[in-house]
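K.L.:
Once you've had a glance at the structure underneath, I'll fire off some questions.
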Amino acid sequence: MKHLLKLGDLSAEEITEILNLADQLKYEQHKGIAHHHLAGKTLGMIFQKSSTRTRVSFEVGMYQLGGSALFLSSRDLQLGRGEPIKDTARVLSRYLDGIMIRTYEQSDVEALAEYGSIPIINGLTDYCHPCQVLADLMTIREYKKVLRGKKLAFIGDGNNMANSLIVGGLKMGMEVAIASPAQYRPDPGVVAWAEQNGKLTLTEDIKEAAKDADVVYTDVWASMGMEGEAEQRRAAFEGYQVNAGLMALAKPDAMVQHCLPAHRGEEITDEIMEQHNDEIMDEAENRLHAQKAVMVLLMK
Ligand code: CP
Ligand code: NVA
């Protein structure tokens, strides 16, 4: 593994290696055992979109690993004024030991990896969110003990989260069901891949997706960059909500996951957010541990 650009690039063995190391790093951190695997190393964090979890968990993670992290807003970088990605990649490779980037186009992340000479980590694009799904798989494994054979139902937009959950879930032997309006299905390339690689159900019926699910997952109806479509999406996604009625169809011990930020009253009710708060906050915490594992494996 040289980069983390998308989960499709990783084997099931590599994902398991990340999850196992993440568990170990979590244990050590909770026990107060120092693990300065990246002493003296610096991660650059390029943000073209907002972030709470990704920014803080990467920055704190680097600190806990004995290194440091630089927050690089694209508003301040020359990148924001049109400096080409290839020059940015080459220059930053001379200073840094790794780059995490959150941006719009997946091709920009791929270009950084192509022209730079240091590990690149995808911190979310319009296409995928691999770091989030590594933390999700870690959390589901904590609660359910195994991933293989568990059913994950995703309710809502066939967005970056849906794409990464399909790939990560199927690679780990999970069954994935996506309920979305027909015009908001996941990426066709991901769907085509899934047809050859496991059990994926696409439906417009949220009840069909949620039936007997072990994990019920949702995300916002309008992702970052789609704010202009919020009104139209609110109409299209009406009814695509995780609420008590829907949870009654899932397994009695089903867990709820949300990458956050959540829009209570839209894709999920306040009641369900509060009832499943522990699981959702463990999921958020696990961003830290999963990303530390990725950084150790890529940058040590
Ligand atoms: N889930 C997630 O990536 O959160 P942020 O947008 O706050 O980083
Ligand atoms: N789908 C959301 C995820 C945020 C973590 C977005 O892209 O805005």
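K.L.:
Got the relative contact order for segment 164-230 handy, in percent, Cα pairs under 8 Å and 6 or more residues apart?
P.N.:
32 percent
K.L.:
Taking N as the number of residues in segment 137-215, what value does Rg over Cα atoms divided by 2.2 N^0.38 Å take?
P.N.:
So the Cα radius of gyration is 1.00 times the expected 2.2 N^0.38 Å.
K.L.:
For the chain, what's the relative contact order in percent, using C-alpha pairs closer than 8 Å and at least 6 residues apart?
P.N.:
21 percent.
K.L.:
Here's something else I'd like to know. Looking at the chain from every direction and averaging, what is the projected area of its Cα convex hull in nm²?
P.N.:
Reported value for the Cα convex hull: 14.6 nm².
K.L.:
Calculate how large, on average over all directions, the projected area of the Cα convex hull of segment 1-140 is; give the answer in nm² to one decimal.
P.N.:
Reported value for the Cα convex hull: 8.3 nm².
K.L.:
Sequence-distant or interchain residues sharing an amide H contact under 5 Å with residue 150, placed H: which?
P.N.:
Residues meeting the amide H criterion: 175.
K.L.:
Next question. So which trypsin sites (Lys or Arg not before Pro) in segment 18-126 pass both tests, a DSSP loop state and at most 12 other Cβ atoms within 10 Å of the Cβ?
P.N.:
75
K.L.:
Once the other residues with Cβ under 10 Å from the Cβ of residue 220 are scored (Lys, Arg +1; Asp, Glu -1), what is the net sum?
P.N.:
That sum, taken over residues with Cβ under 10 Å, equals -3.
K.L.:
Can you work out the Karplus-derived ³J(HN,Hα) for every residue in segment 99-106? Use 6.51 cos²θ - 1.76 cosθ + 1.60 with θ = phi - 60°, whole Hz, and x for glycine or proline.
P.N.:
These are the phi-based 3J(HN,Hα) values: 10, 9, 10, 10, 8, 8, 7, 4 Hz.
K.L.:
Given N residues in segment 59-100, what is its alpha carbon radius of gyration divided by 2.2 N^0.38 Å?
P.N.:
1.30
K.L.:
Two decimals is fine: what is log10 I(q)/I(0) at q = 0.19 Å⁻¹ for segment 67-221, from a Debye sum with one equal scatterer on every Cα and no solvent?
P.N.:
-1.07
K.L.:
Still on this model: Quick one: what does P(r) look like for segment 163-300 with 5 Å bins over all Cα pairs, in whole %?
P.N.:
2, 9, 17, 20, 21, 17, 9, 3, 1, 0
K.L.:
Could you grab the Rg to Rh ratio for segment 70-158? Cα atoms only, Kirkwood for Rh.
P.N.:
1.10
K.L.:
Could you work out [θ]222 nm for the chain from helices alone, using -39500 (n - 2.57) per DSSP H run of at least four and dividing by all its residues? Round to the nearest 500 deg cm²/dmol.
P.N.:
Dividing the helical sum by the residues of the chain leaves -13500 deg cm²/dmol.
K.L.:
Then there is this: Run down the lysines and flag those whose C-alpha is under 25 Å from the C-alpha of residue 292, throwing out any fewer than 8 positions away in its chain.
P.N.:
2, 6, 26, 31, 41, 49, 144, 145, 171, 300
K.L.:
Relative contact order for segment 178-269 using alpha-carbon pairs under 8 Å, separation at least 6, rounded to a whole percent?
P.N.:
Over segment 178-269, the number comes to 35 percent.
K.L.:
Take the Cα atoms of segment 102-148, find their three principal axes, and give me the spread along each one in whole Å, biggest first.
P.N.:
40, 22, 16
K.L.:
Give, in whole angstrom and from largest to smallest, the semi-axes √(5λ) of the equivalent ellipsoid of segment 217-268, with λ running over the eigenvalues of the Cα gyration tensor.
P.N.:
23, 12, 7
Just so you know, all these numbers are worked out from the coordinates, no wet-lab data involved. Given the structure is predicted, the values throughout are model-derived calculations rather than measurements. Cβ: placed from backbone, ideal geometry, glycine included. Neighbour counts: every protein chain shown.
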